[in-house]
Amino acid sequence: MRIVEMKERNSELIENLLDVWENSVKATHLFLSDDEINNIRQYVPQALKGVPVLVIAENENGNLVGFMGIADKMLEMLFILNECRGQGIGKQLLQYGIENYLINELAVNEQNPLAKGFYEHLGFEVYKRTETDEQGNPYPLLYMKRN
């Protein structure tokens with residue numbers, strides 16, 4: 001696997017990232033309806049273009065298998081293709097972010113217990129909970145910090 005920081009974010013890359021995002025969300029965010037996913041999908045390209053640090057993971061064939069976004073020591077997003085989950089890609093990405101960008105905080109959907117467990121396994125602990133997500137939707141967020 002290869003980890004690459006993306007300075008240039010052309011429309012082809014954004015489309016590929018959007019495909020990974022949708023694949024991952026449909027597998028892990030079971031609390032979201034298809035309509036909700038389609039609604040959120042409209043905002044993802046702007047988030048991908050606007051996040052200060054965008055890091056992708058490619059497999060040995062050069063295919064995109066995951067990505068993360070970082071802003072001010074906070075993990076803003078981390079998505080892995082469903083068929084590639086459990087292979088250490090998320091861990092490698094997050095460790096890269098911790099080592100290179102000092103990631104020490106993140107927010108995760110409470111209804112995504114596998115993600116919460118993943119972050120706990122890597123040393124993050126919940127310090128705050130909100131009843132809604134950042135858009136005001138009824139999806140509690142857990143804010144986690146690294147010890």
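No value in this document is a laboratory result; all are computed from the given coordinates. Model, not experiment: these values are computed from the prediction. Cβ coordinates were reconstructed from backbone atoms using ideal geometry, including for glycine residues, and neighbour counts include every protein chain displayed.
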Worksheet entry | Förster radius 35 Å - calculated FRET efficiency between GLU22 and ARG2, Cβ distance, rounded to 0.05 | 0.95
Item to complete: Along Cα→Cβ, 7 Å out, is where each label goes; now give me the distance between the ones at ASN63 and ASN38 in nm to one decimal.
Response: 2.7 nm
Fill in: GLU99 paired with ILE14, simple spin-label distance in nm, labels 7 Å along Cα-to-beta-carbon
3.1 nm
Discussion item. Apply the Karplus curve 6.51 cos²θ - 1.76 cosθ + 1.60, θ = phi - 60°, to the phi angles in region 17-33 and return the couplings in whole Hz, x for Gly and Pro.
Written reply: 5, 4, 5, 5, 4, 5, 4, 5, 5, 5, 8, 10, 9, 5, 7, 9, 6
Worksheet item: Residue by residue through region 105-121, which ³J(HN,Hα) values in whole Hz follow from phi under the Karplus form 6.51 cos²θ - 1.76 cosθ + 1.60 (θ = phi - 60°), with glycine and proline marked x?
Response: 8, 6, 10, 9, 5, 4, 7, 10, x, 5, 5, 4, x, 4, 5, 4, 4
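At most 14 other Cβ atoms within 10 Å plus a DSSP loop assignment makes a site exposed; report the longest stretch of the chain without any exposed chymotrypsin sites (Phe, Trp or Tyr not before Pro).
44-147
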Practice prompt. Among DSSP beta bridges whose residues both lie in region 12-147, state the antiparallel percentage, nearest 5.
Written response: 90 percent
Fill in: Cα gyration tensor shape for region 2-146, rounded if a/c is under 1.5, else prolate or oblate
rounded
Worksheet entry | Amide hydrogen neighbours beyond the local backbone of VAL53, cut-off 5 Å, H modeled | ILE70
Worksheet, complete the sentence: Rounded to the nearest 500, the 222 nm mean residue ellipticity computed for the chain from DSSP H runs (n ≥ 4, each -39500 (n - 2.57)) alone is -11500 deg cm²/dmol
Practice prompt. Rounded, prolate or oblate: pick one for region 17-84, where a ≥ b ≥ c are the square roots of the eigenvalues of its C-alpha gyration tensor, a/c under 1.5 means rounded, and failing that, prolate if a/b is larger than b/c, else oblate.
Written response: oblate
Worksheet item: Which of the GluC sites (Glu not before Pro) found in region 1-62 are loop residues per DSSP with 15 or fewer other Cβ atoms within 10 Å of their Cβ?
Response: GLU8, GLU60
